[in-house]
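**Q** Right, I'll just put the structure down here and ask away after.
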Amino acid sequence: MNAPTPTALPTPASLRGAAQAAAALGEPLVVMTTLAGCPYCDLVRNHHLLPMRRAGQVHAVQIDTRDRTSNLQGFQGENTTPAEQASVWKARFAPTVLFLGPQGQELAERLVGVAVADFYGEYLDARLQAARQRLR
């Protein structure tokens, strides 16, 4: 029997570790901030990031902006929570998709919300391309 296909992106224990793993592959770390019950988060996750992750095209994770209890290691090795990290990033809207380098630097303009769902894939691809260029 096949395991059910996950409908969530993984949540990292360490942002630094996740970003270094992505950079080792020549990729930015793509972080999506999410909220439970957010239909736009589901759209971005299920129609864009999860299929790209499954195809090996992107190193993507998610953090819940309301999660104040899970431990998360930040880019400098500090202990934080997903909610605190989202606040540090000033990621006030869900979904916010960030494109990060190995030290946590933003490599491309973040995608905030979903302005036009039909064009989201193109916006995402353009940001990924810009982030990859900055990594090289």
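The values are calculated or read from the model by the stated rules, or taken from the named source; none is laboratory data. Keep in mind it's a predicted model, so treat the numbers as computed, not measured. With ligands, DNA and RNA removed, areas are computed over all heavy atoms of the protein, side chains included. Shrake-Rupley method; radii C 1.70, N 1.55, O 1.52, S 1.80 Å.
**Q** Quick one: how many Å² of residue 45 are accessible to a 1.4 Å probe, rounded to 10?
**A** Spelled out: residue 45, probe radius 1.4 Å, area about 20 Å².
**Q** Another question about this same structure. How big is the antiparallel share of DSSP beta bridges in the chain, given as a percent to the nearest 5?
**A** On the way: 10 of 17 bridges.
If we restrict to bridges inside the chain, about 60 percent are antiparallel.
**Q** So what is the diffusion coefficient of the stretch 32-136 in µm² per second by Stokes-Einstein at 10 °C and 1.306 mPa s, using a Kirkwood Rh over Cα pairs?
**A** Values: Rh = 14.2 Å.
This corresponds to a translational diffusion coefficient of 112 µm²/s.
**Q** Also: For the chain, modelled as a Gaussian network with Cα springs under 10 Å, which listed residue fluctuates most, 65, 33, 80?
**A** In this elastic network of the chain, the residue with the biggest mean-square fluctuation among 65, 33, 80 is 80.
**Q** Where is the GNM fluctuation largest for the chain (alpha-carbon springs, 10 angstrom cutoff): 58, 44, 88?
**A** 88
**Q** Carbon-plus-sulfur fraction of the accessible area of the chain, 1.4 Å probe, in percent?
**A** On the way: 3740 of 7430 Å².
That share works out to 50 percent.
**Q** Relative contact order for the chain using alpha-carbon pairs under 8 Å, separation at least 6, rounded to a whole percent? Provide the component values of the computation, followed by the final result.
**A** Numbers: 242 pairs, mean separation 39.6, N = 136.
This gives 29 percent for the chain.
**Q** Using just the helices of the chain, give the 222 nm mean residue ellipticity in deg cm²/dmol: DSSP H runs with n ≥ 4 each add -39,500 (n - 2.57), and the total is spread over all residues, rounded to 500. Write down the numbers at each step before the final one.
**A** Working: 5 runs with 44 residues, N = 136.
Roughly -9000 deg cm²/dmol at 222 nm, from the helical runs in the chain.
**Q** Write down Rg/Rh for the stretch 1-79, rounded to two decimals, with Rg from the C-alpha atoms and Rh from the Kirkwood relation over Cα pairs.
**A** Numbers: Rg = 13.2 Å, Rh = 13.5 Å.
Using only Cα positions, Rg/Rh for the stretch 1-79 is 0.98.
**Q** What accessible surface, in Å², does a 1.4 Å probe find on residue 114, ignoring ligands, DNA and RNA and rounding to the nearest 10?
**A** Per-residue accessible area (residue 114): approximately 30 Å².
**Q** Just to be sure I understand: with springs between alpha-carbon atoms less than 10 Å apart, which residue in 69, 96, 81 has the highest mean-square fluctuation in the Gaussian network model of the chain?
**A** 69
**Q** Still on this model: In terms of solvent-accessible area of protein heavy atoms at a 1.4 angstrom probe, what is the ranking of 70, 87, highest value first? Display every interim value, and only then the final one.
**A** Working: 70 50, 87 80 Å².
In descending accessible area the options line up as 87, 70.
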